[in-house]
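Read-outs: derived from the displayed coordinates by stated rules, not from any lab. None of these values were measured; they are calculated from a predicted model. Glycine gets a Cβ as well: all are built from the backbone with ideal geometry, and neighbour counts include every protein chain shown.
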Amino acid sequence: MPLNQIFNHFFRVFKNFKNTGKVYRLLSWRYFVYLFSILLFYSVFVIISNLIDQKNKIESQNLNAVVKTEDFSKLNNYFISKINSPYREVQYSIQNNDSIEKILKKYSIKANDIKIISNSLKQKNLTNIYAGRKLSLVLKKLDDGSNTVVNLLYPVSNTLSIEIRKNQNNFTIKENILQLYKKEVVIKNVIENNLYSAAIDAGIEPNIIIEFARIFGFEVDFQRDIRKGDSFEILYERFEDDNNKVRDTGKIIYASMFVNGSEINLYNFKDKNDYGFYDIKGKSIVKSLMKTPINGARLSSSFGNRKHPILGYTKLHTGTDFAAPSGTPIMASGAGKITRARWCGGGGNCVKIKHNSTYETVYAHMKSFARGVKEGRRVRQGQVIGYVGSTGMSTGPHLHYEVIVNGRKVNSQKLKLPSGKILKGKDRENFELERIKIDIRLSELR
């Protein structure tokens with residue numbers, strides 16, 4: 001109702017009340033105040049509504065003016081282009097048995113691109129990729145629904161990455177070499193549980209730990225010799241980038257263990273063309289076989305007669321069982337040729353190595369084989385050949401380890417192995433000089 005009509009109605013009612021002579025009885029001051037308040041509130045409401053309508057009209061006019069400007073049009077087109085962009089960036093974690101061809105096929109890259117990239121990588125011997133590393137791919141969607149590679153980047157090592165870029169209808173391949181700086185570090189720790197966990201707690205890289213275990217595998221039985229409170233010390237090489245981030249590791253220069261109440265100090269020394277580790281008397285620690293081919297495990301079943309845990313009757317246990325978490329690395333206890341790397345019935349996944357005319361070793365119940373482990377291949381001493389599992393007739397994850405001497409299975413824990421060579425003459429003099437230099441570097445780094 002318009003404002004003027006409300007006022008007219010109000011005064012008409014008031015006049016009627018006055019004419020009847022009953023106005024003073026029916027209209028009190030309170031009633032008048034209530035009526036006036038309602039009228040005032042309504043008036044303010046109408047005024048504010050009109051002001052808001054006018055403000056909205058002005059803002060709408062301003063917005064229309066902005067939308068019609070050239071700058072707004074460019075910004076709008078930019079966002080639309082981004083939403084509808086044919087380009088896409090992908091981060092992919094490389095899996096086991098992957099290849100560049102397989103990965104590109106997963107993202108519907110056109111066949112011609114895959115063929116050119118694959119042939120170019122083969123010509124440069126850059127086809128190797130490794131599980132666990134990250135691959136970065138920028139692709140462009142084509143009108144036919146397929147994709148083309150714009151940029152492809154993946155690492156092949158801690159110091160080298162491969163970058164593939166599209167250049168018109170061809171691709172350029174670039175090898176990016178990371179500049180690294182060598183640094184020697186000394187790390188020591190006390191063993192509370194086992195060597196592996198103590199070394200990890202001290203910040204030592206896993207590959208250095210495996211190498212350390214390989215070196216001392218000739219002198220120390222990690223399952224029976226180590227006690228709580230024993231200790232170790234390692235001097236080795238690290239390679240860092242400009243941000244002091246460790247990208248790779250080098251050789252172990254010096255390694256020491258305090259175990260069974262005695263200290264064993266080993267020095268890396270090059271004798272003629274071969275590097276090896278020698279004790280303080282110049283005696284090589286290398287023997288034909290390592291004492292134990294696994295670290296961080298416990299001896300769960302010895303060689304000899306026992307009640308079979310599955311079959312239930314007593315029979316000869318022809319090896320030594322080492323209980324360890326599933327996936328624990330297993331090392332070749334000696335250099336040799338792989339004569340078996342397949343399923344072995346009750347032994348599950350197993351590997352057999354012929355070391356020479358005298359010694360053979362067997363490793364059973366593996367979860368999986370290490371990369372490159374195949375029948376007919378040669379392995380070096382300490383090389384990882386597989387991982388602890390519970391395949392075949394097994395009640396839990398462990399390694400069943402056998403040593404065969406001249407065709408007969410023997411107790412590996414009681415086997416007497418030939419000693420390493422001892423440096424003499426000029427070789428011994430050169431070793432002593434190198435040992436003194438290492439001791440000086442140790443004292444400085446400590």
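Things to note:
- Stretching the chain fully between S108 and N167 yields a gain of 19.3 nm (0.36 nm per residue, less the alpha carbon separation).
- For the pair Q383 and D144, a Förster radius of 51 Å applied to the C-beta separation gives a FRET efficiency near 0.60, rounded to the nearest 0.05.
- Within the shell of other residues whose beta carbon sits under 12 angstrom from the beta carbon of S161, the net charge comes to +2, with Lys and Arg scored +1 and Asp and Glu -1.
- FRET efficiency estimate (nearest 0.05) - Cβ-Cβ, A131 to D225, R0 35 angstrom: 0.50
- Distance between the 7 Å Cα→Cβ label points at Q95 and E192: 3.9 nm.
- Neighbourhood charge, 12 Å Cβ-Cβ cut-off, centred on V362 and excluding it, Lys, Arg +1 and Asp, Glu -1: +2
- Highest average first, the peptides 254-266, 114-126, 170-182, 388-400 ordered by how many other beta carbon atoms sit within 10 Å of their residues are 388-400, 254-266, 114-126, 170-182.
- Label-to-label distance for S43 and E205 is 8.7 nm, based on points extended 7 Å past Cα in the beta-carbon direction.
- Net charge in the neighbourhood of T148 (other residues with Cβ under 9 Å of its Cβ; Lys, Arg +1, Asp, Glu -1) is +3.
- Spin-label pair N56-M393: with each label point 7 Å from Cα along the Cα-Cβ axis, the two points sit 8.7 nm from one another.
- Placing R0 at 35 angstrom, the Cβ-Cβ distance between K283 and V246 gives a FRET efficiency of 0.60 after rounding to 0.05.
- Ordering 276-286, 345-355 by mean Cβ neighbour count within 10 Å, with the highest value first, yields 345-355, 276-286.
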